[in-house]
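The next block holds one structure in the form of structure tokens; read it before the comments.
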Amino acid sequence: MKYVFDKIIDRSGTNALKYSVLKERYGRDDLIPLWVADLDFETPDFITDALRKRLEHSLFGYTATPDELWSTIARWIEDHHGWKVNKEWITFIPGVMKGVGSVVNVFVKPDEKVIIQPPVYFPFRLTPQGNEREVVFNPLKRVEGGSYEIDFDNLASVADDKCRLLILSNPHNPAGICWSRETLARLADFCYERNIIVISDEIHCDLTLFGNKHIPFASVSDKAAQISITFGAPSKTFNTAGIVNSYAIVPNDTLRRRFFKWLEANEFNEPPIFSTIAIIAAFQKGEEWRRQLISYIEDNVRFVLEYFKENIPSIKPLCPQATFLVWLDCRELGLDHKGLIDFFVNKARLALNDGETFGPGGEGFMRLNVGAPRAILKAALERLAGASEDYSTK
């Protein structure tokens, strides 16, 4: 089946976050929204059909979780990422960041600390801080070509005896990095020696681009498996973020018993009826969709890279190895934070995520969501080019 990604979807009247909060968050609602990380493509029909079929039976009482859910998740991960996951290691969680908050509350004492590696997805900072835990920064190092690597020397200097948890973005958001096996193994050795648990957020793992490969953190060594809690979901790949369908994988018996017991006690491990249906449909019927989606995103990335090169050379996009997010280096514009926001919002009339929210190292950057029909991307970049031309002539 040939899937259509060029179709422009009218999301008005659906309370779509990407569109409905523009006035509140950006001060105006005449913007092209390319910020929050969901896709402007229709959720595939095999998921919609599965949900519709269940809706035909109009009784939505308490519903048991089918064992098929766990075997489906395990099979998908082994087939796509070469990691053999036992079904007993998996549980439902009501969202990745809710999972992070749960881990913080279960394993990190009030006087202990959480390590993050900015620039990185900003809830990694906000969630521990909101739970009154101290957050320690280990900023990534920029390397030639504009990408990043983990700064292990600095990590050794900031990881004191109070650091109990490190949150890893794998693949990395916003830079779209697929971390190498060597990097992940080195990180595992470091954290294992210091009794630091690693949350590996792998929600973008099924969207690797240009032949790059995702490596699950827990799969690189026995040490990694023993300290890891992996979070995932089909939501980024199959555009089901509005349906809660996340899961956690914990190989270590001691960590798993403690974490799963807490989730069960608070009834956070019980999936809503439509979550189960969406996950099973996505992972049993979604491979062809995924392949075609990746091809379209790759073409969008190529289009964006070429457009900036030819029309807006003062902004340097980093080509992602995964995700549908492009990290834009806007520092050559010479604008401070307030000026950069004004330039994108009021001059170009675009809603992107500003880099400063991603923490140290994000200043002067913007995050662009390219998971949209190409016509929308083209219109957005034309607005940006026009604003850049007006700015350069002043």
**Item:** Test: GLU382 is touching a His at 6+ places or on another chain (Cβ under 6 Å), of a type outside the set (Gly, Ala, Ser) and at pLDDT 95 or above
**Value:** no
**Residue list for the stretch 104-149, filter: more than 27 Å from LEU255 (Cα to Cα) and of a type outside the set (D, E, K, R)** = PRO119, PRO139, LEU140, VAL143, GLY145, GLY146, SER147, TYR148
**Asked** Could you count how many residues in the stretch 21-58 are buried (at least 16 other Cβ atoms within 10 Å of the Cβ) and either touching an Asp or Glu at 6+ places or on another chain (Cβ under 7 Å) or of a type in the set (S, T, N, Q) (or both)?
**Response** 2
**Prompt:** Counting only residues that are surrounded by 17 or more Cβ atoms within 10 Å (Cβ to Cβ) and either at positive phi or not assigned by TED's automatic domain parsing to the domain that holds ILE376 (or both), how many does the stretch 326-366 have?
**Reply:** 4
**Prompt:** Just one of the numbered conditions (1) modelled with pLDDT of 95 or more; (2) more than 30 Å from ARG331 (Cβ to Cβ) is not true of PHE308; which one?
**Reply:** (2)
**Item:** Only one of PHE107, PHE124 that is under 15 Å from the mean Cα position of the chain (by Cα) and within 15 Å of ILE167 (Cα to Cα)
**Value:** PHE124
**Message:** Restricting to the stretch 71-111, and then to whatever is of a type in the set (A, V, I, L, M, F, W, C) and not in a helix (DSSP H, G or I), can you tell me which residue is surrounded by the most Cβ atoms within 10 Å (Cβ to Cβ)?
**Reply:** ILE93
**Complete:** Of the candidates VAL114, VAL135, the one satisfying the condition of being assigned to a strand (DSSP E or B) and surrounded by fewer than 19 Cβ atoms within 10 Å (Cβ to Cβ) is VAL135
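Could you say whether any residue in the stretch 285-292 is crowded, with 23+ Cβ neighbours inside 10 Å and of a type outside the set (D, E, K, R)?
No, the stretch 285-292 contains no residue that is crowded, with 23+ Cβ neighbours inside 10 Å and of a type outside the set (D, E, K, R).
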**Asked** Of all the residues that make up the stretch 158-179, how many are closer than 25 Å to LEU368 by Cβ and either surrounded by fewer than 24 Cβ atoms within 10 Å (Cβ to Cβ) or out of contact with any Cys (no Cβ under 7 Å at 6 or more places or on another chain) (or both)?
**Response** 12
**Request:** Name every residue in the stretch 1-52 that is touching a helix residue (DSSP H, G or I) at 6+ places or on another chain (Cβ under 6 Å) and either at pLDDT below 95 or not hydrophobic (A, V, I, L, M, F, W, C) (or both), in order of residue number.
**Result:** TYR3, ARG11, TYR26, ASP29, PRO33, PRO44
**Complete:** Note: among TYR192, TYR121, just one is within 19 Å of MET366 (Cα to Cα) and surrounded by 15 or more Cβ atoms within 10 Å (Cβ to Cβ), namely TYR121
**Hits in the stretch 1-60 - residues which are assigned to a loop (DSSP other than H, G, I, E, B) and basic (Lys, Arg)** = LYS2, LYS7, ARG11, ARG28
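The values are calculated or read from the model by the stated rules, or taken from the named source; none is laboratory data. Computed from a predicted model, the values in this text were never measured in an experiment. A quick note on method: Cβ atoms are made from the backbone with ideal geometry, for glycine too, and the neighbour counts reach across all protein chains shown.
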